[in-house]
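Here is the structure we will look at, set down as structure tokens.
The values are calculated or read from the model by the stated rules, or taken from the named source; none is laboratory data. Keep in mind that this is a model prediction, so the values were computed, not measured. Every residue, glycine as well, gets a Cβ built from its backbone with ideal geometry; the counts of neighbours run over all protein chains shown. Keep in mind that these areas ignore ligands, DNA and RNA; they rest on the heavy atoms of the full protein, side chains included. Shrake-Rupley method; radii C 1.70, N 1.55, O 1.52, S 1.80 Å.
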Amino acid sequence: QVQLAESGGGLVQPGGSLRLSCVASGNTFSFSFVRWYRQAPGNPRELVAEITHDGSIDYADSVKDRFTISRDGAKNTVYLQMNRLKPEDAATYYCNLAQLGLHYWGQGTQVTVSS
């Protein structure tokens, strides 16, 4: 069993930055990937970034060159550094971990981008 806890969301002005954290606890060995998703009201959940067990990384086109996903194995934490934030980045951000065919989700952290 794996538990995920996101943090780091908040209110930021357009052009600002935030760093989200996803801390995993429980049996986190042999995970396949960790992904960040986001969902704005009335919109479907959108994949934002992914980091695999072997360190491969991928991003949605809408966040390439602005967002960076990284992992600290010692802290069981995956980060999402978000720079040059835009109003359209506002959403609830969720962490997702896949392991042995199962998916685990955190409770989400809210990001608001507004002046």
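Mind checking which of Leu47, Leu100, Leu18 has the largest fluctuation in a GNM of the chain, springs on alpha carbons under 10 Å? Highest fluctuation among the options: Leu100.
Look at the alpha carbon pairs under 8 Å that are at least 6 residues apart: their mean separation over the length of segment 7-115 gives a relative contact order of 37 percent. Taking every DSSP beta bridge that has both ends in the chain, the antiparallel portion is near 95%. Taking every protein chain into account, the accessible area of the chain amounts to 52 square angstrom per residue (probe 1.4 Å). Comparing Cα centroids, segment 1-20 and segment 94-110 end up 15 angstrom apart.
Here the Karplus curve 6.51 cos²θ - 1.76 cosθ + 1.60, taken at θ = phi - 60°, turns the phi angles of segment 93-98 into couplings of 9, 10, 9, 9, 10, 10 Hz, with x standing for Gly and Pro.
Counting Cα-Cα pairs of the chain in 10 Å increments starting at 0 gives whole-percent bin shares of 15, 50, 29, 6, 0. Each peptide in 53-61, 69-77, 28-36 was scored by the mean count of other Cβ atoms within 10 Å over its residues; highest first, the order is 28-36, 69-77, 53-61.
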